[in-house]
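Every number here is computed from the coordinates shown, using simple stated rules; none is lab data. Quick caveat, the model's predicted, so the values are computed rather than measured. Neighbour counts run over all protein chains shown; Cβ positions are idealised from the backbone, glycine included.
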Amino acid sequence: MKKLSLILIASILLSCGDAEKPKGYVNFNPLGSTTEYDKTTYYFIRHAEKDLTTEENPQLTFEGIKRSNYWAEYFTDKQLTAFYTTKFTRNYQTLIPIMHNFKGKPKVYEPKTDSLFSETFWKDTYGKNVVVVGHNNTTPQFVNEILRKDKYTTIEDGVYGNLYKVEIDEAGFIKDTLLNFEEINLSEELLKELEYIKEAEEVEFTDFSS
């Protein structure tokens, strides 16, 4: 019965053609000839804590490095298949530990474009589990564009633990959830490893922004 209901809903949405879909549903059609959508999940996070002593493309602080490794542990079982970041070093540094678990490759998106949730982005991420590393303004903006309403506001300067999860089901219905992981707990083994690196002053990152 549930399967039939999903098919009926999807059929109604498809009958709209290129017309705007009802609020609460993704505003794009499913890809291919099917009337059902492939389940698509987006995880939106802000880059981790950055060095506030410099304004020119700052890197992560040690706290930021710990958070990026926390995100890596969190996403281990999320079966991620696509990884997006802006061009800035702090965003790459946040994403690198996450990608490492999946042998993934980053894709750069431009947050200053007219539309973040574009048709191209939809086609490239359709049916995937996607993580997007953004900024305190672009992260909620991206989610709002998917929802087509101004639900989420700019993230406060000192907040780095927000996770916006957006799920699109077989009928194209959108479910959004905001979680917060401001307090992070790393495994003792990893924490010791990071502390050792810090003490040895060997924390070096490649600048991908050039």
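Remarks
- For a straight C-alpha distance cut-off of 19 angstrom, the lysines reachable from Lys151 (same-chain residues fewer than eight places away being disregarded) are Lys21, Lys23, Lys165, Lys175.
- Close amide H partners of Asn162, meaning residues 5 or more places away or on another chain with modelled amide H under 5 Å apart, are Arg46, Phe181.
- Applied to region 21-27, the Karplus parametrisation 6.51 cos²θ - 1.76 cosθ + 1.60 on θ = phi - 60° returns per-residue 3J(HN,Hα) values of 6, x, 4, x, 10, 4, 8 Hz, with x for Gly and Pro.
- Fraction of antiparallel bridges per DSSP, the chain only, in percent to nearest 5: 55
- Debye log10 I(q)/I(0) at q = 0.09 Å⁻¹ for the chain, Cα point scatterers: -0.39
- For Lys107, distant residues with modelled amide H under 5 Å away: Phe83, Tyr84, Thr85
- Karplus-derived 3J(HN,Hα) values for region 43-48, using 6.51 cos²θ - 1.76 cosθ + 1.60 with θ = phi - 60°, are 10, 10, 10, 8, 4, 6 Hz; glycine and proline are entered as x.
- Longest exposed-site-free window of the chain, the sites being GluC sites (Glu not before Pro) in a DSSP loop that have at most 10 other C-beta atoms within 10 Å: 57-155
- Cα gyration tensor, region 61-120 - rounded (a/c under 1.5), prolate or oblate: oblate
- Reach of Lys87 by Cα under 17 Å, taken over lysines that are not fewer than 8 positions away in the same chain: Lys50, Lys105, Lys107, Lys112
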